[in-house]
1. For region 122-169, which positions are open to solvent by 60 Å² or more (accessible area, probe 1.4 Å) and under 15 Å from residue 192 (Cβ atoms)?
2. What about residue 110, is it over 19 Å from residue 67 (Cα atoms), open to solvent by 30 Å² or more (accessible area, probe 1.4 Å) and in a strand (DSSP E or B)?
3. Just checking: which of the strands (runs of 3 or more DSSP E) contained wholly in region 128-199 hold 1 or more residues that are more than 17 Å from the chain's Cα centre (by Cα)?
4. Across region 69-90, what is the total count of residues that are farther than 15 Å from residue 103 by Cβ and touching a Pro at 6+ places or on another chain (Cβ under 7 Å)?
5. Restricting to region 97-107, name every residue that is open to solvent by less than 50 Å² (accessible area, probe 1.4 Å), within 12 Å of the ligand (Cβ to nearest atom) and either of a type in the set (Phe, Trp, Tyr) or touching a Lys or Arg at 6+ places or on another chain (Cβ under 9 Å) (or both).
6. Within region 20-64, count every residue that is part of a helix (DSSP H, G or I), open to solvent by less than 10 Å² (accessible area, probe 1.4 Å) and under 25 Å from residue 132 (Cβ atoms).
7. Conditions: (1) in a strand (DSSP E or B); (2) open to solvent by 50 Å² or more (accessible area, probe 1.4 Å). Residue 94 meets all but one. Number of the miss?
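The values are calculated or read from the model by the stated rules, or taken from the named source; none is laboratory data. Predicted, not measured: the structure shown is a model, and the values here were computed from it. Every residue, glycine among them, receives a Cβ derived from its backbone with ideal geometry; neighbour counts consider all protein chains shown. We work out accessible area using only protein heavy atoms, side chains counted, and drop any ligands, DNA or RNA first. Shrake-Rupley method; radii C 1.70, N 1.55, O 1.52, S 1.80 Å.
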Amino acid sequence: MSISGTASYADLAATLPQPVLRAVELAERLGFDQSCRPEHGRLLQALAAGAAGRIGETGTGCGVGLGWLLAGRRPGVRVVSVEREAERVAAVRELFADVADLEIVHGDWTAIGAHGPFDLLVLDGGGNGKQSAPADPDALLTPGGTLVVDDLTPLTAWPPTHLGRPDTGRTAWYDHPSLLTTEVRLAPDLATLLATRRP
Ligand SMILES: C[S@@+](CC[C@H](N)C(=O)[O-])C[C@H]1O[C@@H](n2cnc3c(N)ncnc32)[C@H](O)[C@@H]1O
């Protein structure tokens, strides 16, 4: 999540894949400002291109991150995204009505469990360990599958802390015995965590 995520697409229209451009326009129309930033979106696009099996997302928002995933995914790879806000679900279903092998599920993020396991799972609205319990990678990822947690402040010290306390939103992933976890700094103020399930 990025508070200024949608606004960060200003002036980029000519460089954006079609699904992303359409979703950014929807986010602007609905006044939704929490879209993922383009730096993260380009990472999602590249990761999606490497997924041979299913791709999942929690927290569809207005479909900007989903647009990047669709722009990168291989033909025939199914994408499932879960969103709890009915208005966003309806709007994104309409936006991508012509896209094959895509399902937008209305419900709590835990509904993603019925659609896995995933080669790539983006946790952007529940299950990311920030405000709620982290998702179970053994249940949701294929062996060798990767999960993504966006919108972190770049690490400057180890062990990671948040407001002076252990940053359990991060350590849950680093300490998980099934995962190999690292972070990528995408901008001076933005990092993304990647965790791959051990084969
Ligand atoms: C940061 S925004 C998602 C941005 C989007 N993934 C993108 O890249 O543009 C988070 C979204 O998650 C949804 N959300 C938050 N908690 C949720 C939950 N427990 N289950 C399902 N959706 C949730 C919010 O309604 C919001 O639309």
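1. 130, 153
2. Against the criterion (over 19 Å from residue 67 (Cα atoms), open to solvent by 30 Å² or more (accessible area, probe 1.4 Å) and in a strand (DSSP E or B)), residue 110 does not qualify.
3. Per the criteria, 141-152, 179-187.
4. Within region 69-90, residues that are farther than 15 Å from residue 103 by Cβ and touching a Pro at 6+ places or on another chain (Cβ under 7 Å) number 1.
5. Residues satisfying the conditions are 104, 107.
6. 7
7. All conditions pass for residue 94, except number (1).
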